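Each value in this text was obtained by applying a stated rule to the coordinates, not by laboratory testing. Remember, predicted model here, so these are calculated numbers, not experimental data. With ideal geometry, Cβ positions are generated from the backbone for all residues, glycine too; neighbour counts draw on all protein chains shown.
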Amino acid sequence: MVPTSLLATAFVALFLVQLWRIVQRLFFHPLASVPGPKLAAASTLYEFYWNAVRGGKLFMRWEEMHQKYGPIVRLGPDEVHISDPAYWDVLYNSTNKLEKYAPFYCFDGGSNATGVTTVKHEVHRKRRGAISKFLSAANVSRLEPHTHVHLKKMLDRFAELGRAGKPCDCFNAFRSLTMDVISTICEPDPRHNLDEPDFAAAMHRTLRTAARTMDVQKFIPIMQIMNFVPIAVWRYLDPEVAKLMEKRAVLLDTAKKVLAEGGQPDSREPTVLDAIASSDLLPPEDKTAARMAFEAEMVLGAGTETTSNTLGNLVYHVLSNPAIHSRLRAELQSCSATPPSHLLDFRTLDKLPYLSAVIQETLRVASPVSGRLPRVNPTSPMTYTTPGTGSGAHQQQKTYTFPPGTVMSMSPRDLHNNPAIFPDPQRFVPERWLAHEADPERRRVMDRYWVPFSRGSRNCVGLELAKQEMCLVAGNFFRRFAEVELFETTERDVRVEHDWFAPYGPADSKGVWVKVGG
């Protein structure tokens with residue numbers, strides 16, 4: 001038995017070590033001069049509380065911090081967050097080759113095995129190159145007829161509900177649509193969520209719960225723990241989680257089959273899985289069935305929630321402003337003489353200036369990625385100089401030097417809500433994107449800091465598909481239904497309450513619902 005005195009000594013020693021770490025972080029750390037809450041500087045428990053315990057609320061805290069402390073704040077012992085548009089092109093460009101921060105990008109269970117979660121720049125370049133052709137503008141255009149099939153199915157479902165006098169669940173319908181579309185690109189056996197009577201509402205609720213685990217995963221390996229639980233046990237604990245685990249197992253088996261075929265399918269469309277298996281860019285260790293399944297699953301998830309959330313916001317903002325709705329309808333009606341039930345293609349819709357302005361404004365007010373995007377320079381120090389305060393010769397600036405390994409982050413949401421770039425940023429004003437002839441400099445500035453898909457070599461690989469989906473859905477939805485109104489939906493239902501990489505609304509919100517004329 002260990003003597004009590006020895007245990008006491010060990011506890012005291014541990015306490016003193018932790019106390020010294022806190023003192024070092026507060027007073028002797030290279031980031032000690034960066035302003036911010038002392039609790040955040042002292043321990044990562046600050047982030048754990050606001051994200052893991054409170055459920056993705058840290059983004060609200062750093063917005064408050066910037067109002068109090070200025071453009072740079074210390075978000076953790078080794079992390080700074082910057083809200084200065086001028087620094088965006090320093091962190092997120094195609095030349096500096098900064099690395100991602102591994103503990104943050106643990107969406108795949110901490111393996112950093114997917115393009116989104118890859119840490120090293122050169123490894124990411126190869127992994128992205130292997131799948132990028134499947135999400136290129138040319139391939140997305142080639143697959144547009146497949147998207148039309150899913151879109152027509154969704155709009156027909158809306159019309160049926162309208163004839164029955166029932167409301168339409170837009171958020172879950174859009175989630176089902178985007179998942180069905182992206183699954184066509186990701187895996188040989190696509191999903192069919194649009195065939196579900198309630199647009200697979202239970203599955204989407206489970207995916208929301210799964211999204212919340214990302215904040216916990218940084219501190220507790222919850223995904224690895226879940227994988228150890230047999231599917232039979234999950235069927236008893238939570239049938240919807242069991243279904244997700246079954247789909248994951250099927251995807252892994254499919255990846256094994258694709259790998260055995262060498263990524264050369266004979267009688268079906270090639271997919272992301274085939275692209276990885278047949279790529280000359282990737283080393284053998286990147287062509288395992290497990291990594292292939294992780295990559296396909298990540299593309300599937302990234303291509304679902306972000307786009308569907310943006311579409312839900314678009315419908316809300318258009319319908320809550322009759323003038324915007326009327327102008328959009330007029331433009332859509334004038335662009336084609338075909339019946340409203342006839343789908344217009346992307347090429348036709350993409351030329352419409354007001355529809356494009358509505359989509360751009362939605363991507364601004366409802367950024368697909370709500371959280372921070374941490375980067376690390378592992379080998380060289382970096383600097384940041386604050387904007388000058390005061391006027392004339394009395395302007396004061398301060399330069400901070402970050403040692404190698406410092407975590408530096410910014411957020412698209414902060415740029416999009418900056419009143420110096422977008423006046424009156426809380427208002428939904430598509431017209432701001434049409435004023436370029438009267439004020440070309442204003443438009444140039446807005447374009448520079450409009451970053452819903454980020455920028456640089458790590459920008460969203462699926463942006464061409466997202467743009468096509470938003471254009472097709474918004475254009476054809478508002479063209480087809482002359483009579484459409486919000487149903488039991490308020491601004492609160494599109495308000496961002498949780499940041500789980502993508503933005504999520506209140507837990508008790510039912511999302512965006514509409515009633516359409518049959």
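Tabulated values for the structure
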read-out: Debye log10 I(q)/I(0) for the stretch 404-501, one point scatterer per Cα, at q = 0.24 Å⁻¹; value: -1.39
read-out: Cβ-based net charge around Arg375, under 9 Å, with every Lys or Arg adding one and every Asp or Glu removing one; value: +1
read-out: 0 to 90° range, to nearest 10: angle between helix 305-319 axis and the chain longest Cα axis; value: 60 degrees
read-out: Relative exposure of Leu463, Leu6, judged by other C-beta atoms within 10 Å (fewest first); value: Leu6, Leu463
read-out: Mean residue ellipticity (222 nm) of the chain, computed from DSSP H runs ≥ 4 via -39,500 (n - 2.57), nearest 500; value: -15000 deg cm²/dmol
read-out: Cα point-scatterer Debye curve for the chain, base-10 log of I(q)/I(0) at q = 0.06, 0.11, 0.12, 0.13 Å⁻¹; value: -0.31, -1.04, -1.22, -1.40
read-out: Between the stretch 25-63 and the stretch 227-258, the alpha-carbon center distance in angstrom; value: 36 Å
read-out: Likely footprinting exposure, Lys218, Lys153, fewest C-beta neighbours within 10 Å first; value: Lys153, Lys218
read-out: Degrees separating the helix 170-186 axis from the principal Cα axis of the chain, which is the longest one; value: 80 degrees
read-out: In degrees, nearest ten, helix 239-261 long axis to first principal axis of the chain (Cα); value: 90 degrees
read-out: Of Lys247/Lys515; Lys467/Lys510; Lys57/Lys133, pairs whose Cα-Cα distance is over 30 Å; value: Lys247/Lys515; Lys57/Lys133
read-out: Relative contact order %, the chain, counting alpha carbon pairs below 8 Å whose residues are six or more apart; value: 21 percent
